[in-house]
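Reviewing the structure listed below.
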Amino acid sequence: MPQLSLPVDFSAQRKSAGERRMQQLRTLLGDRRNTLVLMHNDPDPDAIAAGYALQRLIRHLLPAASVTLGHGGMIGRAENRTMAQLLVPHALRIPTFEAATALAAYDAILLVDTQLSAGNHLLYEIDYPQEQVILAVDHHPPRRSQIRAVIHDVRPEVGATATLLAEYVASAEMEIDDRLATALFYGVKSDTRGLSRHTTDLDIWAYSALRNYVDTELLNQIEHVQLPRSYFRGISDALMSTMLYRCADSKRADRKAKEDDDQNETNGGGQPCTGYISVSLLFQMQRPDMASEVADLMLRMEDVSWAICLGIFEDRLVISVRADRANAQAGRIVRAIVGKNGTAGGHDTMAGGRIHAPNASPAQRIAELHALVPRFLQMLGAGEAAGMPLLDTIGP
Ligand SMILES: [Mn+2]
């Protein structure tokens, strides 16, 4: 079995830092009887890949270790479900109401593709001894909060957590097989959209090094899985509800964005917005990640620089935002809108949030969803814009 070699331009310092991290992990986990690798809720391919790789890595470092892989929420998207079925069929889905008892059974927890201060994982809901959170490996922008895992490896510049796990696997001189390579490769590919966004040299290294060992048959099964009818119904609902709003004078918006950047802190407004903002509403989603799938699709429309999808899943509102500019600060916008009513996070170009409304009636949730639209438009400097329905538009 082959091993991944670290990038050739890796400095001796970085190399030994990586080796130290592996040594630290081995030491910290050495006396733990029951370890849980915890992905964020509603795991995406990057989280699944990183979770799977970390579980394998721990077994490599400590062959006698008992390591479970788990997550909250649900794996929804057909591609992600297939990936999970084929690669991590044993992964444990832990319902929120059982999290406190279920997680208390583990004497060590390791977070992947998220971090302690983020609101999108089960630890956020419960009291769990912070010193037993051994590792957080993540590439999402850090919070101001000081809560840190014992090993806090958060590198927001990197495109995927799978990239960081590829580095771990190489540092640990662990052998790699085609299943592990395929998982990590798909994680990097999906979070960086095939190295087209949010990519560093380390991502390019991981992508190229892993590609040599990918099981193309397995990758095809995941990427080209047949889609359920509910997917097409969801897309149809989304298209019918989609409204396009024209951004305010784009030159002025750019100038304003620059001023805001100079001031270094702003409460929204003046975000780079050119062409149109697409807003889609889904009043009854079958799965929470339908919102991000729709937002991804809408951002591909010509002249659309922001795609926002707002949906209702069970008792909560789900927000997904995509932007086409690297400096768009989508994460900050979603955080500002969600505030203390829920959880939110994300990067410049991709962000998401949840607003829990367990006591609201279905009609109230729909009203709340509608009420979010003008707030987003306001933040994007298009508060005055009149929307036009996508499907009624006669145009290019
Ligand atoms: Mn990720």
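Restrict the check to segment 195-206 and report whether at least one residue is surrounded by fewer than 17 Cβ atoms within 10 Å (Cβ to Cβ), of a type in the set (Gly, Ala, Ser), over 15 Å from the mean Cα position of the chain (by Cα) and modelled with pLDDT under 95. Yes, segment 195-206 contains a residue that is surrounded by fewer than 17 Cβ atoms within 10 Å (Cβ to Cβ), of a type in the set (Gly, Ala, Ser), over 15 Å from the mean Cα position of the chain (by Cα) and modelled with pLDDT under 95.
From the list Glu125, Glu131, the one residue that fits, being away from the ligand (no atom under 16 Å from the Cβ) and either at pLDDT below 95 or under 18 Å from the mean Cα position of the chain (by Cα) (or both), is Glu125.
Here is a yes/no grid of residues against (1) in contact (Cβ under 8 Å) with a residue 40 or more places away in the chain; (2) in contact with an Asp or Glu (Cβ under 7 Å, 6 or more places away or on another chain); (3) assigned by TED's automatic domain parsing to the domain that holds Arg332; (4) not in a loop (DSSP other than H, G, I, E, B):
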| residue | (1), (2), (3), (4) |
| --- | --- |
| Met83 | yes, no, no, yes |
| Ile109 | yes, no, no, yes |
| Leu116 | no, no, no, no |
| Gly119 | yes, no, no, no |
| Tyr128 | no, no, no, no |
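Residue-level check: of (1) within 22 Å of the chain's Cα centre (by Cα); (2) in contact (Cβ under 8 Å) with a residue 24 or more places away in the chain, Arg365 misses just (1). Restricting Thr200, Thr192 to residues that are within 15 Å of the ligand (Cβ to nearest atom), within 25 Å of Asp303 (Cβ to Cβ) and among the hydroxyl-bearing types (Ser, Thr, Tyr) narrows the list to Thr192. Across segment 162-178, which residue is nearest to Asp46 (Cα to Cα) among those that are surrounded by 24 or more Cβ atoms within 10 Å (Cβ to Cβ) and among the small types (Gly, Ala, Ser)? Looking at the filtered set, the residue picked out is Ala162.
Given the structure, is Ser236 away from the ligand (no atom under 16 Å from the Cβ) and at pLDDT below 95? Taking the combined requirement at face value, the residue does not satisfy it.
All of Arg143, Arg179 fail the test of being over 18 Å from the mean Cα position of the chain (by Cα) and touching a residue at least 12 places away in the same chain (Cβ under 8 Å), apart from Arg179.
If the condition is being closer than 18 Å to Val304 by Cβ and out of contact with any Leu (no Cβ under 8 Å at 6 or more places or on another chain), then segment 377-387 contributes Leu377, Met379, Leu380, Gly381, Ala382, Ala386.
The conditions are (1) within 16 Å of the ligand (Cβ to nearest atom); (2) touching a residue at least 24 places away in the same chain (Cβ under 8 Å), and Ala99 fails exactly one of them. Which is it? For Ala99, the exception is condition (1).
When Leu25, Leu54, Leu38 are checked against the criterion of being buried (at least 19 other Cβ atoms within 10 Å of the Cβ), more than 17 Å from Asn120 (Cβ to Cβ) and within 16 Å of the ligand (Cβ to nearest atom), Leu54 stands alone in meeting it. Report whether or not Ala136 is free of Cβ contacts under 8 Å to residues at least 40 places away in the same chain, of a type in the set (A, V, I, L, M, F, W, C) and either within 16 Å of the ligand (Cβ to nearest atom) or part of a loop (DSSP other than H, G, I, E, B) (or both). Taking the combined requirement at face value, the residue satisfies it.
Answer yes or no as to whether Gln221 is more than 16 Å from the ligand (Cβ to nearest atom), modelled with pLDDT under 95 and over 18 Å from the mean Cα position of the chain (by Cα).
Details: more than 16 Å from the ligand (Cβ to nearest atom): yes; modelled with pLDDT under 95: no; over 18 Å from the mean Cα position of the chain (by Cα): yes.
So Gln221 does not fit the description; no.
The C-beta contact set for segment 304-331 (first residue over 15 Å from Ala344 (Cβ atoms), second residue basic (Lys, Arg) and surrounded by fewer than 22 Cβ atoms within 10 Å (Cβ to Cβ), distance under 8 angstrom, 6+ apart or interchain) comprises Ser305/Arg325; Ile312/Arg365; Asp315/Arg365; Ala326/Arg197. Note on segment 217-246: residues that are farther than 21 Å from Leu369 by Cα and outside any helix (DSSP H, G or I) total 5.
The values are calculated or read from the model by the stated rules, or taken from the named source; none is laboratory data. Source: prediction; values computed, not measured. Ideal geometry is used to build each Cβ from the backbone, glycine not excepted, and the neighbour counts take in all protein chains shown.
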